[in-house]
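Comments concern the structure below.
Every read-out reported here was derived from the displayed coordinates using simple, explicitly stated rules and does not represent laboratory data. The structure presented is a predicted model; accordingly, all values stated were derived computationally and were not measured. So basically every Cβ, Gly included, is an ideal-geometry build from the backbone, and we count neighbours across all protein chains shown.
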Amino acid sequence: MKVKKISHIAVAGNDAEASRVLYEDILGLTFNGSEPVETEGVTTHFFGVGESNIEMLEPLSEDSTVGKFLGKRGPGLHHIALEVEGLDEYVLKLKSAGIVLLSDEPKIGAHNMRIIFIHPKSTGGVLVELCEKV
Ligand code: CO
């Protein structure tokens with residue numbers, strides 16, 4: 001069981017091209033691909049920063065989770081993701097500590113990672129994702 005690194009910092013927005021211009025053209029980050037994640041109702045756009053990424057989240061529809069987030073709060077920080085080894089053990093440990101998770105079991109997210117989210121009310125207000133390579 002180990003937290004290896006910050007996998008990504010996710011920012012929700014509606015203008016993926018403006019984000020691409022900023023992160024890739026102007027700041028010179030490496031574009032690491034776009035990927036629709038149908039189960040989450042988003043397209044993810046990854047920009048490499050060292051061993052981490054900025055993940056731009058673009059909703060596939062207004063009634064998706066990220067679409068609702070944007071409707072309510074506007075563009076901004078959506079979640080922080082930590083890459084771990086031993087995700088299932090972490091899930092058990094979190095549950096036994098009474099930490100609130102958004103789902104009962106990890107799901108498959110972008111880049112073929114198993115992911116689970118910790119509810120903001122258990123983290124001091126920031127949605128936190130734990131992810132593990134499949
Ligand atoms: Co994420």
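Just going by the charge dipole of the chain, with Lys and Arg at +1 and Asp and Glu at -1 on Cβ, which of Gly71, Phe47, Tyr90 is farthest out on the positive end?
Positive-end residue among those listed: Tyr90.
How compact and how long is region 16-86, expressed as Rg and Dmax of its alpha-carbon atoms in Å?
12.8, 37
With a bin width of 10 angstrom, please list the P(r) values of the chain as percents of all Cα-Cα pairs, from the 0 bin to the one holding the largest distance.
12, 43, 34, 9, 0
What 222 nm value per residue comes from the helices of the chain, counting each DSSP H run with n ≥ 4 as -39,500 (n - 2.57) and dividing by all residues, nearest 500 deg cm²/dmol?
It lands at -5000 deg cm²/dmol.
I'd like the chymotrypsin sites (Phe, Trp or Tyr not before Pro) in region 37-134 restricted to DSSP loop residues with at most 15 other Cβ atoms within 10 Å, sorted by number.
Counting only loop positions with at most 15 other Cβ atoms within 10 Å, none of the chymotrypsin sites (Phe, Trp or Tyr not before Pro) in region 37-134 qualifies.
In the structure displayed, which of Lys72/Lys133; Lys68/Lys95; Lys5/Lys121; Lys2/Lys68 lie more than 30 Å apart, Cα to Cα?
Too far apart for the 30 Å limit: Lys72/Lys133; Lys2/Lys68.
With a cut-off of at most 16 other beta carbons within 10 Å, and DSSP calling the residue loop, which GluC sites (Glu not before Pro) in region 1-70 qualify? Please list them.
Here the sparse-neighbourhood loop sites are Glu51, Glu62.
What three numbers, in Å, describe the spread of the alpha carbons of region 1-42 along their principal axes, ordered from the longest?
38, 27, 16
Compute the label zone of Glu89 within region 113-132: residues whose backbone N is under 15 Å from the point 7 Å along Cα-to-Cβ.
132
Find out how many positive minus negative residues lie around Gly67, taking Lys and Arg as positive, Asp and Glu as negative, among other residues whose Cβ is under 13 Å from that of Gly67.
-1
Consider just the alpha-carbon atoms of region 48-90 and return their Rg together with their Dmax, both in angstrom.
Gyration radius and largest Cα-Cα distance of region 48-90: 13.7, 35 Å.
Please order Val84, Val42, Val66 by the number of other Cβ within 10 Å, starting at the fewest.
Sorted ascending by nearby Cβ count, the order is Val84, Val66, Val42.
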